[in-house]
Structure formats: C-alpha cells, structure tokens
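Visitor: Please read through the structure below; I'll follow up with questions.
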Amino acid sequence: MLLSRALLRRHTVLPGFDLALGFALLYLSLIVLIPLSAAFLETFTLTWPEFVDATTAPRVLASYRLTFGASLLAALLNAVFGLVTAWVLVRYRFPFKRLVDALVDLPFALPTAVAGIALTAIWAENGWLGQWLPFKVSFTPLGVWVALVFIGLPFVVRTLQPVLEDIDREFEEAAATLGASRWQTFVKVILPILMPALLTGFALAFARALGEYGSVIFIAGNMPMVSEITPLLIITKLEQYDYAGATAIAVVMLVVAFALLLLINLLQAWSRKRQGGL
C-alpha cells in the first residue's frame, strides 16, 4: 500500500510539488506581487503628512465615496438579479435560451470603451432610453452605477450556474413533501447551498467594479467632486507626473479592497462551516 502511494506521488501528470510550487510563486510574483510592491515602494517616498494630504484631499474623498459606494450598490444589485438570471437559465427551457445565455458574457467580450460609448448613447437625454426618463443618467453618478452594473453581472451569473446545476432536485421534493412552501424551500434549503457561491460572485463583481475605468469615463461626465471616479483621478495624477500621489491613492484603494475581500472570504468560510454542521 505504501509503495503504491509512493508510486502515485512520483508519477503525477504535473511536475513534483517543489517544482510546481516554485513556478507558481515565480509567476505570481512577476504578475502580481512585484507590481503591487512597486506601488507601495513609490508611496513610501512620501512622508506621513504628505501621504495623509494626498489621500484625504476633498476631491480624493469625493472620488472614494463615488467609487466604493457605486461599486457596492452595483454588486448588491447584481447579486440579486444575477441569482434570478442564473436560476432562469438553469431551471427553465424557453426559445432562444442559448442566445440569452451567450448575451450574459457580452460584457466580458465587449471592449470597455465600446461599452461606455454604447451606454452613454442609450442613457443620454436624447438616447433610446434616456429620452423617456424624467431624470438624467449619463454624465451623473447614476451613470457610473449603470456602467458598473453592466460589467459586473456576468461574474455573479457564471459563479452561480454550476452550483445550481449540481443541486439535487430531491432536496426540493423532500421539502415539499414535508409541507414547505416554495419560498420556504428556497430560503431554508436552496439559498444556504448557494450562499458561498453567491458571496464569491458578489466579491468578484465588487472587485471588478472598483477597478473599472474604460466603460465609466464616457458615461460619468468626470466632474470633480461629482462624478469623478478614483481610477480616473489616479490617471490624472500620473499625467501630472505626480507618481507618488497616484500610488498613494492606489494603495488606499488596494488596502480597502483587500480588507473587504478578506471579510467576504471569512463569511464564505463561516457559511461553508455552518452548512457542513447542519
């Protein structure tokens, strides 16, 4: 038995653990760790008062509120309607289902600049949809939120779909046999199973929205203190050769985003542990 296990470990498809781990760490360092550390190193050239001034200026704080607030609201909306969309695609058959399923991936394939121009044309005051609204969407903070909803939806849908497909219908049938209503079955049987994937989709949509640039700058209007997102402010500082100020703002966004993602991962772990204990 011990010999067979040793042979299995020796004759794996991929290289041994040490070599595979070395390649993984090297690739991760080149792609992720070194660029991020460069941002921190550039920020360290500032003194603490200079860092505080660069990251807490009124214009910067306004961009934080818009970026994080719009990203959070967009991710929450996508969590709800992404769940509904995934449910419809998995549980029902209808004409042009494959077309609808393919359209979900459109924000992935569409260049962000094209998406921004299209959204601006649709939601402008003279656009297809904007002309019928009593309020403005394009060139306002609401336009930023619309763009972030557009680019974040596929993350939730594609994360939930495989989990929904793997749920055994016998759970629902057993709940119905015991007298549970459809709503009770969904809340107490299906939703706990979906919660880790739903949190993952929410986290991906939120993280994607935080860094979105191309589709937002066209529809936002980019007015300082009103509709200017933080990524655009970072680009502006880079164009002004204020590299330390740009990286300081980027570090703040990075730390806050990492903290939020860590919190969501902890919630996922708690949800899986609770689900396993039931």
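Each reported figure results from applying straightforward, stated rules to the coordinates on display, with no laboratory input. None of the values given here were measured: they were computed from a predicted structure. Cβ sites come from the backbone with ideal geometry, for glycine too, and all protein chains shown count toward neighbours.
Visitor: If R0 is 22 Å, what FRET efficiency do you get for ALA113 and ILE34 from their C-beta distance, rounded to 0.05?
Guide: Using R0 = 22 Å, I get an efficiency of 0.20.
Visitor: So what's segment 47-277 giving for Rg/Rh, alpha carbon basis, Kirkwood Rh from the mean inverse pair distance?
Guide: When Rh is taken as the Kirkwood radius, the ratio is 1.05.
Visitor: Scan the chain and hand back the longest stretch that contains none of the chymotrypsin sites (Phe, Trp or Tyr not before Pro) lying in DSSP loops with at most 11 other Cβ atoms within 10 Å.
Guide: Longest stretch, sites excluded: 136-240.
Visitor: Anyone know which of SER138, SER181, SER71 comes out most mobile in the 10 Å Cα GNM of the chain?
Guide: The residue with the greatest mean-square fluctuation here is SER181.
Visitor: Oh, and also: Within segment 96-177, report the GluC sites (Glu not before Pro) that DSSP leaves as loop and that have at most 12 other Cβ atoms within 10 Å.
Guide: GLU125
Visitor: Just to confirm a number: summing +1 for Lys and Arg and -1 for Asp and Glu over residues other than PHE108 whose beta-carbon lies under 15 angstrom from that of PHE108, what do you get?
Guide: -1
Visitor: Once phi is turned into θ = phi - 60°, what whole-Hz ³J(HN,Hα) does the Karplus curve with 6.51, -1.76 and 1.60 give for every residue of segment 87-93, x standing for Gly and Pro?
Guide: Ordered by residue, 3J(HN,Hα) equals 4, 5, 5, 8, 9, 10, 10 Hz.
Visitor: A further question follows. In segment 48-85, which residues have a backbone nitrogen under 11 Å from the label point lying 7 Å from ALA244's Cα in the Cα-to-Cβ direction?
Guide: Flagged as within label range: 48-52, 54.
Visitor: Under 5 Å between amide H atoms, partner at least 5 residues away or on a different chain: which partners does VAL226 have, H built in plane at 1.01 Å?
Guide: HN-HN under 5 Å from VAL226: empty list.
Visitor: Distance from the Cα centre of segment 196-224 to that of segment 69-99, in angstrom?
Guide: Taking the Cα centre of each part, segment 196-224 and segment 69-99 sit 16 Å apart.
Visitor: Relative to the Cα centre, what is the charge dipole magnitude of the chain, using +1 at the beta carbon of each Lys and Arg, -1 at the beta carbon of each Asp and Glu, and rounding to the nearest 20 debye?
Guide: The calculation lands at about 860 debye.
Visitor: Further, regarding this structure: Could you tell me the calculated FRET efficiency between GLN184 and VAL255, based on Cβ-Cβ distance and R0 = 45 angstrom, to the nearest 0.05?
Guide: 0.60
Visitor: Between THR85, THR159, THR45, which gets the highest mean-square fluctuation from a Gaussian network model of the chain, Cα cutoff 10 Å?
Guide: Sorting by GNM fluctuation, first place goes to THR45.
Visitor: Tell me what the chain gives for mean residue ellipticity at 222 nm when only DSSP H runs of n ≥ 4 count, each as -39,500 (n - 2.57), the sum divided by the residue total, rounded to 500 deg cm²/dmol.
Guide: -24000 deg cm²/dmol
Visitor: Given Cβ point charges of +1 (Lys, Arg) and -1 (Asp, Glu) and nothing else, what value in debye, to the nearest 20, does the dipole of segment 32-175 about its Cα centre take?
Guide: Around 460 debye, computed over segment 32-175.
Visitor: Select from ALA205, MET253, ASN126 the residue farthest towards the positive end of the dipole of the chain; place +1 on Cβ of Lys and Arg, -1 on Cβ of Asp and Glu, and compute about the Cα centre.
Guide: Toward the positive end, the furthest listed residue is ALA205.
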